[in-house]
Each structure stands twice: as structure tokens, then as C-alpha cells.
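Presented below is the structure to which this report refers.
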Ligand SMILES: Cc1ncc(COP(=O)(O)O)c(C=O)c1O
């Protein structure tokens, strides 16, 4: 009689299943949620920890879905390695904190994403790290701002929301001469620009945006030389900034269609920008591949395969912006970008919130600036909706200041003499 006793149901339930055996491999990457991986023995722990054997031990330090996403992003950007972080800000913070120490300084482009500037101006000083702001359109002036303590230069490929195009080659040369890394936030220009080919040492992305592409995940990535990426990995893992399996897996799905989405959205954005520029309700259209854009020549040189999915228009006043946003009932007002559907944002109340009219004006913005993140809809459908909203704006509200006659008052409503 066998002495082997069947395990108690609680034991059966608690134990993990045997790995499913298959002589064929799955077509799509499996989602691997395990927090921990089981080394065969202590020598195996040593080998995994010292990087002598491939594999994972603890998900915060690395897991298969992040490794797959990182590998694809590294190839897309032409870098040696990549690190997946919990958000775009996680990637930017990991880059800064791995490269800067007490007493160091960062040279940061004016007009970068608000939270990036807040990281530099409010958080980094708590580590004794300073920063200086430079005009990205004037790399010569940036040179004069370098100090012996400057340890990195940071810029966005396309600025938000006016899509000024950074002179990456000049900044890359400047960084190289100074022996410091140039970090480029390429969130607005995945696929169409490869900053590592223009002198950048590190590229960061908010994967949340165009790469994820469906507004259903929050992740970031940092790409570049293996040495930089590994230093950032140590910081990110220690501070708990690394990305999780589910969102990495979702981002891999997004990445599968990134090129298609980017080229379609860019083509529609260019067409929409051209048509918007002909409408009398619009005071100004910003799109890098419109000849009227101040950086058109640089954009044509730097961007390949399109000008990106963002178009920004100036409707001159908050009231007109509001009427336009309300009038476009089928286009959601959603202060993000990069979704499959077209969305609208209002920089003065979202990304540039808290800045008075003077500060907005110095950046070329008004309370009437509206940012459009162009999606995958039919371009003619989109234009019909935009045209109807702009026509209604013309009928219902006062004309924009640029079309007002000199002797005509701005408004006759509520004025006191
Ligand atoms: C240009 C740019 N960089 C970085 C970020 C931060 O990304 P995340 O929201 O994924 O942290 C954003 C977010 O809007 C962004 O627009």
C-alpha cells in the first residue's frame, strides 16, 4: 500500500502550477506578471546578479515585458540599451538623478514640459542641484551659459505647444565639446526623428503618448549608451521608478502600429494645418512643416516621414478658444496627446496653467491658443467638423484682433467709459 498521501486542497491550491510545456512558441509576447523569478541555486543567484547569466530575479529590477519593450525602443532610436520607467517623468527623473550630483548644474531649454521644469526648479534644488534655462533656438547663447559645473543639456525635439524645432546638431556639438551628455525628450517626434543620430547621448519618451497610442497606459523610456542606461536603471530601481509588466505589454501592442499611426496622423495633421491656415477665424497656425513656421527649414532637415501629430492654433482669446472647444462636440477636450482619436487641449489652463498673459506672450502663446492632437479619423470628416466650429465662431463672436479694424473697439459688451 502506498504511503504517499494526496496533498491537502489548501496545499494544492497554494502551490504554483507546473510551467506549461510547449514545443512551439507563442506568436505574441506572453504577459508575465510574476514579481519574482526562481534561481536554480545560489551560484545562479550570483550569476544573475553579476550579469553573467541572462534572466530576472525581481520585477522592479527587470522583467521580460519591460526587456522586450526596451529592446524594441533601443532599436527604434538606434541606441545600445533602454530602460522602461513608470512614466515619462520617471524616465526624465532617472536620467537627471543618475547624471547629476550635489553642486552640479543642468542646462535646460526654455518652454519644456511643465513638470520637467518643475523637477528642475522645485525638486532638484533639494539635492543641491541647480539649473540654467537657455533659448533652444539660439545654441550660441547656450554655449555662453555653460559653467564648469554644467553636467548635462536637456531639450525637447519639438516644443509644446508651438512645435519649435530644436537645433539638435548644434546642441549635440556643443555637448560633445563640453564633454557632457545631451538629453532629448522625443515624445512629440517618435519615428520621425532619431536624436541619437544628431549628437544626443540619451533620448527620453513619455510612452504614455504616441507610442502607447491609446491613452490607456502610463510609461516612460530612456534610450542611449549602455553605460548611461545602466546607471539610470540603478537609480530608477532604487527610487521605485521602473515600469510594470502589464503596461509594458500594452505598450508593445501600441508599438506594433506606431509607424503606421505616426505617418497617418502626420499626413492628416499637415493637411489640417494647411486648411486651418486658410480660415479667417484662425489668427495663427503652428505646424513644423508649414512654410510659415519659423523653423520650417530645420524641420524639413531634421524630421523624416512627417511633421508629427500636433497642430496648434491661435484663436486670440480664452472666450473664442472656449467657444471653439464647445463647438467641436465630437472632438474630446482631453489635456494629453497621441491618442488614436483627435483630442484638444488648452495650454493656458492645462500645461501652462498659472502663467499670466505676459509670460504666455513671451512664449508666443495667448489665452486663445488651442493644441490639437491629430488622430486617425478621415481627414475630410475632421475638416468638416473643424470648419463648422470655426464658421460658428465667426458668426457668434467678435472677430479675432488681427482682423479688427483699427477704429473698432475690442468689445462693446461690459465696457465702461
Ligand atoms: C513632452 C513631454 N515629456 C514628458 C511628459 C511626461 O510624461 P508622463 O505623463 O508619461 O509622465 C509629457 C507629458 O505630457 C510631455 O508632454
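Every read-out reported here was derived from the displayed coordinates using simple, explicitly stated rules and does not represent laboratory data. Nothing here was measured: the structure is a model prediction, and the numbers come from that model. All Cβ positions, even for glycine, are placed from backbone atoms using ideal geometry, and neighbour counts span all protein chains on display.
Miscellaneous remarks
- DSSP-defined antiparallel bridges as percent of all bridges, the chain, nearest 5: 60 percent
- Mean-position separation - Cα centroids, the stretch 155-171 and the stretch 23-76, in angstrom: 36 Å
- Per-pair calculated FRET efficiency, R0 = 41 Å: residue 118 and residue 40 via Cβ, rounded to 0.05: 0.35
- Estimated inter-spin distance, residue 355 and residue 271, nm [label 7 Å along Cα→Cβ]: 3.2 nm
- 0 to 90° range, to nearest 10: angle between helix 245-256 axis and the chain longest Cα axis: 60 degrees
- Computed FRET value (nearest 0.05) for residue 226 with residue 47, which takes r as the C-beta separation and R₀ as 25 Å: 0.85
- The stretch 62-256, relative contact order in percent, only Cα pairs under 8 angstrom and at least six apart counted: 31 percent
- In terms of other Cβ atoms within 10 Å, 44, 205, 131 run from fewest to most in the order 44, 131, 205.
- Residues considered: 305, 199, 213. Largest GNM mean-square fluctuation over the chain, using C-alpha springs under 10 Å, is found at 305.
- Here the calculated FRET efficiency for residue 396 and residue 216, from their Cβ-Cβ distance with R0 = 30 Å, stands at 0.25, rounded to the nearest 0.05.
- For the stretch 182-252: rounded, prolate or oblate by the Cα gyration tensor [a/c cutoff 1.5]: oblate
- Residue of 225, 20, 281 that the Gaussian network model of the chain assigns the largest fluctuation, springs spanning Cα pairs under 10 Å: 20
- Of all DSSP beta bridges in the stretch 62-256, antiparallel share, percent nearest 5: 45 percent
- Residue order, fewest to most beta carbons within 10 Å, for 198, 346: 198, 346
- When both the stretch 312-331 and the stretch 274-305 are represented by their alpha-carbon centers, they are found 19 Å apart.
- Calculated on the alpha-carbon coordinates, the convex hull of the chain measures out at 211 cubic angstrom per residue.
- Choice from 175, 189, 304 showing the highest fluctuation, given a GNM over the chain with Cα pairs closer than 10 Å: 304
- Reduced Cα scattering model of the stretch 152-270, Debye log10 I(q)/I(0), q = 0.12, 0.17, 0.18 Å⁻¹: -0.48, -0.93, -1.02
- 222 nm mean residue ellipticity, helices alone, for the chain (DSSP H n ≥ 4; -39,500 (n - 2.57); rounded to 500): -10500 deg cm²/dmol
- If the chain linking residue 326 and residue 384 were pulled fully straight, counting 0.36 nm for each residue of separation and taking away their Cα-Cα distance, it would gain 19.3 nm.
- Overall form of the stretch 62-256: prolate. Here a/c, set by the Cα gyration tensor axes a ≥ b ≥ c, is 1.5 or more, and a/b is the larger of a/b and b/c.
- When 249, 127, 383 are sorted by how many other C-beta atoms sit within 10 angstrom of their C-beta, beginning with the fewest, the order is 127, 383, 249.
- The stretch 1-93: C-alpha gyration tensor shape, a/c 1.5 cut-off, then a/b vs b/c: prolate
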